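The values are calculated or read from the model by the stated rules, or taken from the named source; none is laboratory data. These numbers come from a predicted model, not from an experiment. No Cβ is skipped: glycine too gets one built from the backbone with ideal geometry, and neighbour counts run over all protein chains shown. Heads up: the accessible areas ignore ligands, DNA and RNA and are worked out on the full protein's heavy atoms, side chains in. Shrake-Rupley method; radii C 1.70, N 1.55, O 1.52, S 1.80 Å.
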Amino acid sequence: MTIAARHIDITAEEITCRNGMPALLAYPSAGGRFASIVLMHERYGLVKHTRDQAMRCAHDGYAVLAPDFFFRHPDQQVLNAGDSRYDMSDPESVELIEMGVAALKQHKAADPEKVAVCGYCQTGRHPLVYAAEHPIAAAVVWYGAASRREWEVTKLQPKPLDAIIAALSCPVFAAFGETDHIISLDEVRRFRAALEAHKKTYDIRVYKDAPHGWLNDTMPGRYRKAQAEAGWAAQQRFLADVFSPSYDASTICWRFECEMSPSYDFSKNVRLE
């Protein structure tokens with residue numbers, strides 16, 4: 001299927017990874033090799049929002065694979081509706097991302113030397129987990145990987161998050177919302193401090209009046225257009241820089257930008273749909 005997408009044509013294919021995991025593959029139709037992105041999804045599985053994000057990334061000039069990481073859930077309809085969840089462990093996430101990366105690298109449109117992994121909400125920590133074990137160009141986190149529970153060692157999270165951050169070999173982009181009811185600004189600062197303590201390059205943005213899930217335009221109660229457009233643009237500038245032939249990986253760079261209300265009170269943040 002070829003889709004006229006704003007300025008360029010993109011091609012979209014439904015593929016199956018070697019382990020049986022279904023995925024959407026999207027890339028520019030013009031030919032050539034493109035920097036590549038494995039796009040993870042929120043807790044709802046591979047739904048319209050993630051598919052739209054994959055198409056958008058392809059329009060921006062990337063080869064993008066959006067796998068259904070929760071394909072093992074027995075009732076996809078219930079999962080997609082948000083009435084159930086799939087608790088993916090860190091080791092399972094590494095296994096599944098590796099399958100996605102392998103499938104992407106095999107495609108003629110993907111540059112195997114330029115791969116980033118992006119995670120959202122529940123999967124926000126998993127690009128970091130993967131990058132701590134496998135060399136990639138960048139890890140991208142949207143409103144995940146920083147809440148209190150992310151720092152706990154559990155059966156699903158057998159390694160401390162601080163140890164995962166210490167093992168990173170790539171730069172990190174992270175976007176958070178001021179009015180997120182799950183991740184407080186104190187926890188964002190803790191995440192930032194861990195990156196700095198281990199001398200990791202990062203670009204962290206906090207957007208004012210943005211609740212949890214504010215990039216998702218299929219959920220009107222959460223979506224914040226201005227913040228979503230600003231966050232997306234910041235992410236794409238970060239990726240363009242990282243994928244540039246002139247990128248200097250030997251220089252550590254810390255960028256932190258936060259806009260917040262002077263009356264910020266995390267206890268007043270609520271879940272929105």
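Worth a mention:
- Where labels lie 7 Å past Cα in the beta-carbon direction, separation of Lys105 and Ala81 in nm: 4.0 nm
- Once all protein chains are placed together, Glu257 keeps about 90 Å² accessible to a 1.4 angstrom probe.
- Legend: calculated FRET efficiency, Ser261 to Lys199, from the Cβ-Cβ distance at R0 = 35 Å, rounded to 0.05, equals 0.65.
- Close amide-amide hydrogen proximity is noted between Ile37 and Ala63, Val64, Leu65, Ala116, each under 5 Å apart and 5 or more residues distant or on a separate chain (H modeled in the peptide plane; Pro and chain starts excluded).
- Probe 1.4 Å, protein heavy atoms only - accessible area per residue of the chain in square angstrom: 43 Å²
- Applied to region 262-268, the Karplus parametrisation 6.51 cos²θ - 1.76 cosθ + 1.60 on θ = phi - 60° returns per-residue 3J(HN,Hα) values of x, 9, 3, 8, 4, 5, 9 Hz, with x for Gly and Pro.
- Fully extended contour minus Cα-Cα distance, from Ala233 to Asp9, at 0.36 nm per residue: 78.6 nm
- Within the chain, the whole DSSP H helices whose Cα atoms reach 15 Å or more along their own axis and whose mean Kyte-Doolittle score is at least -0.5 are 90-105, 185-197, 225-243.
- Heavy-atom accessible area with a 1.4 Å probe sorts Lys159, Lys200, largest first, into Lys159, Lys200.
- When the charge dipole of the chain is built from unit charges on Cβ atoms (+1 for Lys and Arg, -1 for Asp and Glu) and taken about the Cα centre, the candidate among Met219, Pro135, Val242 whose Cα reaches farthest toward its positive end is Val242.
- His134 sits with roughly 60 Å² accessible to a 1.4 Å probe, with DNA, RNA and ligands left out of the calculation.
- Among Gly124, Gly82, Gly61: highest mean-square fluctuation, GNM of the chain, C-alpha pairs under 10 Å: Gly82
- Carbon + sulfur, % of accessible area of the chain - ligands and nucleic acids excluded, 1.4 Å: 52 percent
- When each of Lys48/Lys159; Lys114/Lys199; Lys155/Lys225; Lys114/Lys208 is checked by Cα-Cα distance, pairs over 29 Å: Lys48/Lys159; Lys155/Lys225; Lys114/Lys208
- Amide N proximity, region 186-204 versus Asp241 label position 7 Å along Cα-to-Cβ, cut-off under 13 Å: 201-204
- Near Asp180, the amide H atoms lying under 5 Å from its own belong to His212; only residues 5 or more places off or on other chains count, and H is placed 1.01 Å from N.
- Ranking Gly100, Ala166, Leu156 by how far each Cα lies toward the positive end of the dipole of the chain (charges on Cβ) leaves Ala166 at the top.
- Rel. contact order, % - alpha carbon contacts under 8 angstrom, at least six apart, the chain: 14 percent
- The order of Ser29, Ser267 by accessible area, most exposed first and with a 1.4 Å probe, is Ser267, Ser29.
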